[in-house]
Amino acid sequence: MAVDTSRPMDPAAGAKGARGRGGRVHKAGTPPPRRIRDALARHWYAWAMVAPVVIVIGLIIGYPLVRGVYLSLTDANEANVERTIGINHIPATYKTVGLDNFRAILDDQVFWDRLSWTVTWTVSCVALTFAIGLGLAVLLNRRFAGRTLYRSLLILPWAVPAFVSVFAWRLLYNEKNGILNKVLHGGGIDAVPWLNDPTMAKVSVIAVNIWLGVPFMLVALLGGLQSIPGELYEAAEMDGASPWQRFRHITLPGLRSVSSTVILLSTIWTFNMFPVIFLLTRGGPGDSTEILVTYAYRLSFVNSPRDFAGASAWGVLILLILMLFAVVYRRSLRKQGEVW
């Protein structure tokens, strides 16, 4: 029997084929501007709530970031930027130099020395902070008398502003009148130049940063421990698992998602930890404790003439290093089965 193909498709079939999941009709022919207007009309309240945050972030972070990237491609310094002296307005005379600033930094041994110490400082602080925070979290996760008081005391360093803690530690480290050297002197030990010896200065700044970072690590890991079902520990104990085996096969896997997040955040914060280094040692003695971010600050605000282009290039390199670390860290977590 011949089939008449000249008849148009059944409207019902065409409508059915145009429907997506859930029976909704997709407007494939709707132009993008119309779809944007429809989305704004449908979700206007959400956009209105988000807009102030987006504007503030754009002004506080977006503009300085774009401006810094632009200055890193120029030769801007204190002598050739736009400025006003009295009634005289001096226009800017700096020019674009491309990637010359980045080449100069990467060819300079100063950058690699600062990077080496910054990585050492970051790894040491994050590793020790995580280990101490995990140990304290495991202890405070048990029931004992005065547990609430101990939790409050251990979180106290986090509640105190960082600059206040740093100044307090600077008094403790004072070579002549500091409490630490007074205690050592009482035990017959000579005074230690905590902030005047390059090696001891590095140890000192790491200790202060650990003091500031442990409370955050403690709170985060303690929350992760309390989310692990207690039945797992009871079943493992009934099966004859030792405390170390329970810690290794239950506690650590149960904390994996929390640990991955706090390690990433702690790494970024420590890598850019300006207050501890600058307020405690000013990068000294000499430049032994200078990290990347404090050196960029020195170029822009301390050295004369102030090198705005060089400081911006250092800032861009710091951003690229942290972005590279975040990407590599995320991929390694995905290979281990973590979704982040």
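The values are calculated or read from the model by the stated rules, or taken from the named source; none is laboratory data. Small disclaimer: the values here were computed from a predicted structure and weren't measured. Note that each Cβ is placed from the backbone with ideal geometry, even for glycine, and that neighbours are counted across all protein chains shown. Side chains included, ligands, DNA and RNA excluded: accessible areas come from the protein's heavy atoms. Shrake-Rupley method; radii C 1.70, N 1.55, O 1.52, S 1.80 Å.
Spelling out what I want: for every residue of region 78-90, take phi, set θ = phi - 60°, compute 6.51 cos²θ - 1.76 cosθ + 1.60 (Karplus), and round to whole Hz; glycine and proline get x.
Here the 3J(HN,Hα) series is 5, 8, 10, 8, 5, 7, 10, 10, x, 9, 8, 9, 9 Hz.
At 222 nm, what value in deg cm²/dmol follows for the chain if DSSP H runs of at least 4 each add -39500 (n - 2.57) and the sum is divided by all its residues, to the nearest 500?
It lands at -20000 deg cm²/dmol.
Could you list the residues of region 218-251 with an amide nitrogen less than 19 Å from a label point located 7 Å from the Cα of LEU265 in the Cα-to-C-beta direction?
Inside the label zone: 218-228.
How far is the Cα center of region 193-272 from the Cα center of region 145-182, in Å?
The two parts, judged by their Cα centres, are 20 Å apart.
Note the full-extension length gain between PHE247 and TRP44 as 0.36 nm times their separation in residues minus their Cα-Cα distance, in nm to one decimal.
Between PHE247 and TRP44, full extension yields an extra 68.1 nm.
Could you sort the peptides 274-280, 322-328 by per-residue average Cβ neighbour count (10 Å cutoff), highest mean leading?
My ranking of the peptides, most packed first, is 274-280, 322-328.
Output the peptides 39-52, 56-69 sorted from most to least packed, where packing is the average of other Cβ atoms within 10 Å over each peptide's residues.
56-69, 39-52
How large is the accessible surface of GLU290 in square angstrom, using a 1.4 angstrom probe and rounding to the nearest 10?
Per-residue accessible area (GLU290): approximately 10 Å².
What ranking do 257-264, 95-102 get when scored by the average of other Cβ atoms within 10 Å per residue, highest first?
The most tightly packed comes first, giving 257-264, 95-102.
For the chain, find the longest principal axis of its Cα atoms and tell me its angle to the long axis of helix 308-335, 0 to 90°, nearest 10.
Between helix and principal axis, roughly 70 degrees.
Of all accessible surface on region 170-225 at a 1.4 Å probe, what whole percent is carbon and sulfur?
64
D for region 254-324, whole µm²/s, Stokes-Einstein with Kirkwood Rh over alpha-carbon pairs at 10 °C and 1.306 mPa s: what number?
For these conditions, the coefficient is 118 µm²/s.
Read through the labelled values (i) 29.1, 114; (ii) 21.3, 66; (iii) 20.9, 74 and report the label of the one computed as Rg and Dmax of the Cα atoms in Å from the structure.
Label (i) holds the value from this structure.
When the Karplus curve 6.51 cos²θ - 1.76 cosθ + 1.60 is applied with θ = phi - 60°, which whole-Hz ³J(HN,Hα) does each residue of region 212-224 get, with x for Gly and Pro?
6, x, 4, x, 4, 5, 4, 5, 5, 6, 5, x, x
Leaving out ligands and nucleic acids, and using a 1.4 Å probe, what accessible area per residue does the chain come to in Å²?
Working: 21900 Å² over 340 residues.
Result: 64 Å² of accessible area for each residue.
Give the calculated FRET efficiency between LYS335 and ILE155 to the nearest 0.05, with a Förster radius of 25 Å applied to their Cβ-Cβ distance.
0.15
Return one number: the angle in degrees, 0 to 90 and rounded to the nearest 10, between the long axis of the Cα atoms of helix 256-271 and the longest principal axis of the Cα atoms of the chain.
60
Roughly how tilted is helix 32-42, in degrees to the nearest 10 and between 0 and 90, from the longest Cα axis of the chain?
70
Please give the FRET efficiency for LEU322 paired with LEU139, using the beta carbon to beta carbon distance and R0 = 35 Å, rounded to the nearest 0.05. Don't skip to the answer; put the middle values down first.
On the way: r = 33 Å, r/R0 = 0.93.
After rounding, the FRET efficiency stands at 0.60.
Just subtract the alpha-carbon distance of PHE167 and SER124 from 0.36 nm times their residue separation and send over the number in nm, one decimal.
The span from PHE167 to SER124 would gain 13.3 nm if fully extended.
If each of ILE60 and ASP100 carries a label point 7 Å out from its Cα toward its Cβ, how far apart are those two points in nm?
A separation of 3.7 nm, rounded to one decimal place.
Let me cross-check TYR150: its accessible surface, 1.4 Å probe, with only protein heavy atoms counted, in Å² to the nearest 10?
We get 120 Å² for TYR150.
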